[in-house]
Amino acid sequence: MKLQTKVPLKPSTFQINYSNKLLLLGSCFAEHIGNKFSYYKMQAVTNPFGVLFHPQAITQLVKNAVLEEKYTEKDIFNQNERWHSFNAHSVLSTPSKQKLVQNLNAAVAETRQVLANATHIVVTLGTAWVYKHLELNKVVANCHKVPQKAFNKQLLTVTEIEASLQELISLVKSVNTNAKFIFTVSPVRHIKDGFVENQRSKSHLLAAVHNTIELEKTGVMLFIFLVMKL
């Protein structure tokens, strides 16, 4: 009886070495990968806007960077004596609204520069569940402990995820035609959503990534699925 499934690995056509420049975006799993790259002194920048879990948040970040959109005080809000942005993780939040605006615009500039020079863009998707702010009528990247009644929780469809990934690819190509893409689906389970809901979320992400790759026949994309704990 075999209690383990052995997965044969083939050499990748996208070899990464010390001359490559990487930008890693996405869930906390991207942070773990980025830390490995940093430990081995490779040229890698990880999540200038902090951890982002769903594809629409990552695409919005890339869009803001490519278009060089500036943040102002009208784009932030105060919650629990700190200033936050719905487009960024709380790691950027500060007690000073001026400092937060500076942090956000610095992150935009850094992301824009890294996107233009990166050889590899690594995108790690964590969940297909999103929270839509009812008053703002927009999907947020992070709720920052704003009361749940202010949001409507939604599961992105496969089609919506595909559209988001295709937009991301197009945006990157507009400033960097040579970048290669590596998509991963995080193996971390979002149990707080529920076991069934977690599986639905991951399956939507997997289907969307595969469909996106089928549409991209240019040979510049690679999909890596890291074994998910079931």
*asked:* Being loosely packed, with under 13 Cβ neighbours inside 10 Å and under 30 Å from Asn17 (Cβ atoms) narrows it down to one residue among Val91, Val123, Val108, Val114; which is it?
replied: Val91
*Take the residues in segment 3-29 that are modelled with pLDDT of 90 or more and not in a loop (DSSP other than H, G, I, E, B), then tell me which one is farthest from the chain's Cα centre (by Cα).*
Lys21
*So is Asn105 over 14 Å from the mean Cα position of the chain (by Cα) and assigned to a strand (DSSP E or B) or not?*
no
*Would you tally the residues in segment 1-30 being open to solvent by less than 60 Å² (accessible area, probe 1.4 Å) and of a type outside the set (Ser, Thr, Tyr)?*
11
*asked:* Among (1) outside any loop (DSSP other than H, G, I, E, B); (2) in contact with a helix residue (DSSP H, G or I) (Cβ under 9 Å, 6 or more places away or on another chain); (3) open to solvent by 30 Å² or more (accessible area, probe 1.4 Å), there is one condition Lys132 misses while meeting the rest; what is its number?
replied: (2)
*Give Thr159, Thr177 a once-over and let me know the one that is open to solvent by 20 Å² or more (accessible area, probe 1.4 Å), assigned to a loop (DSSP other than H, G, I, E, B), of a type in the set (S, T, N, Q) and more than 23 Å from Ser85 (Cβ to Cβ).*
Thr177
*Identify the residue in segment 48-88 that is open to solvent by 10 Å² or more (accessible area, probe 1.4 Å) and in contact with a His (Cβ under 7 Å, 6 or more places away or on another chain) and, among all such residues, is farthest from Leu104 (Cα to Cα).*
Gln79
*Among the numbered conditions (1) surrounded by fewer than 18 Cβ atoms within 10 Å (Cβ to Cβ); (2) small (Gly, Ala, Ser); (3) in contact with a Ser or Thr (Cβ under 9 Å, 6 or more places away or on another chain), tell me where Ala141 comes up short.*
(1)
*Residues of segment 194-222 being assigned to a loop (DSSP other than H, G, I, E, B) and either at pLDDT 95 or above or open to solvent by less than 90 Å² (accessible area, probe 1.4 Å) (or both), which ones?*
Gly194, Glu216, Thr218, Gly219, Val220
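The rows are residues; the columns are (1) over 20 Å from Leu171 (Cβ atoms); (2) of a type in the set (Asp, Glu); (3) modelled with pLDDT of 95 or more.
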{"residue": "Val62", "(1), (2), (3)": "no, no, yes"}
{"residue": "Glu81", "(1), (2), (3)": "yes, yes, no"}
{"residue": "His84", "(1), (2), (3)": "yes, no, yes"}
{"residue": "Asn87", "(1), (2), (3)": "no, no, yes"}
{"residue": "Ser96", "(1), (2), (3)": "yes, no, yes"}
{"residue": "Ala107", "(1), (2), (3)": "no, no, yes"}
*Name the residue, out of Asn80, Asn17, Asn35, that is closer than 19 Å to Val114 by Cα and out of contact with any strand residue (DSSP E or B) (no Cβ under 9 Å at 6 or more places or on another chain).*
Asn17
*So which residues in segment 180-193 are of a type in the set (S, T, N, Q) and either surrounded by fewer than 18 Cβ atoms within 10 Å (Cβ to Cβ) or not in a strand (DSSP E or B) (or both)?*
Ser186
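The values are calculated or read from the model by the stated rules, or taken from the named source; none is laboratory data. Values in this document were obtained by computation on a predicted structure and should not be read as measured data. Please note: Cβ atoms are built from the backbone with ideal geometry, for glycine as well, and neighbour counts cover all protein chains shown. Protein only, heavy atoms only, side chains kept; ligands, DNA and RNA dropped before computing areas. Shrake-Rupley method; radii C 1.70, N 1.55, O 1.52, S 1.80 Å.
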